Amino acid sequence: MTRTEMPQVSLHPFTGVEGRALFRAASSIHVDVYAEPLFGGHPFFSEEAFEQRFTMAVEQPGFEIIFARQDDGTDVALMYGYTLTQELRWWDEVRWQPDVMRTLPGGYTDEDGTRTVVIPEILVRRPYRRAGIARTMHDDFMARRKEERAGLRVLPDNLPARAAYLAWGWSTVGTVCPVPQAPTYECMVKNLH
């Protein structure tokens, strides 16, 4: 599909309690995307591991999930995020780039439940990629956020996603392996306000 063949989709945002009921729909997209060779059947991307991460996410303050849905009801993409709290310790394992580390203001990684929104997943089924769906979801999500910055993690080998994030104004600040069974990600940040 080329950009000129963008399918007609509408965005459907859900929050908190509503999000819990949407695990199966989210999991269906997750399973499709992470079955691709780039992810190599890594256990971190299994449906069970995703369910644990998703269940934790919906319990966080500021949780929102957006589905991109065709007129026939087919979910073609999703993204979700939530507000960081200090208890999540999201920044703890980041290996900061030296130039970034030198310029970080004191208290940069202190979280109070209002400073940072994180985006664990932006997933688009293969036939619907490169049609502007991810960017549309991203911009819609970001427009409603009150936090001062956003964070996400991307696999360095996921070149299309990485290039898109850089084009959308994200900056790489370091690398991170968030838990022992996870791959190493690039950690990216975007200032919102």
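Laboratory data are not the source of any read-out in this text; all were calculated from the coordinates shown. The shown structure was predicted, so the numbers you read here are calculated from the model rather than taken from an experiment. When we count neighbours, we look across all protein chains shown, and the Cβ atoms used for this are built from the backbone with ideal geometry, even at glycine.
With the convex hull drawn over the C-alpha atoms of segment 94-193, the volume per residue is 119 Å³. Can you pull out the trypsin sites (Lys or Arg not before Pro) in segment 81-117 that DSSP calls coil and that have at most 15 other Cβ atoms within 10 Å? Loop-located and lightly packed - 89. Roughly what % of Cα-Cα distances in segment 55-108 sit above 15 Å, to the whole percent? Tail of the P(r) past 15 Å holds 66 percent of the pairs. Placing a label point 7 Å from the Cα of residue 158 along the Cα-to-Cβ direction, the residues of segment 69-111 whose backbone N falls under 17 Å from that point are 76-82.
Could you tell me which residue out of 98, 83, 45 lies farthest along the dipole of segment 1-103 toward its positive end? Charges go on the beta carbon: Lys and Arg +1, Asp and Glu -1, centred on the Cα centre. After comparing all options, I get 98.
For a quick check of your reading of the filter: which trypsin sites (Lys or Arg not before Pro) in segment 143-193 sit in a DSSP loop and have no more than 11 other Cβ atoms within 10 Å? Passing sites in segment 143-193 are 146.
Restricting the calculation to alpha carbons of the chain gives Rg and Dmax of 16.2, 51 angstrom. For segment 71-157, the list of GluC sites (Glu not before Pro) that fall in a loop by DSSP and count at most 12 other C-beta atoms within 10 angstrom reads 148.
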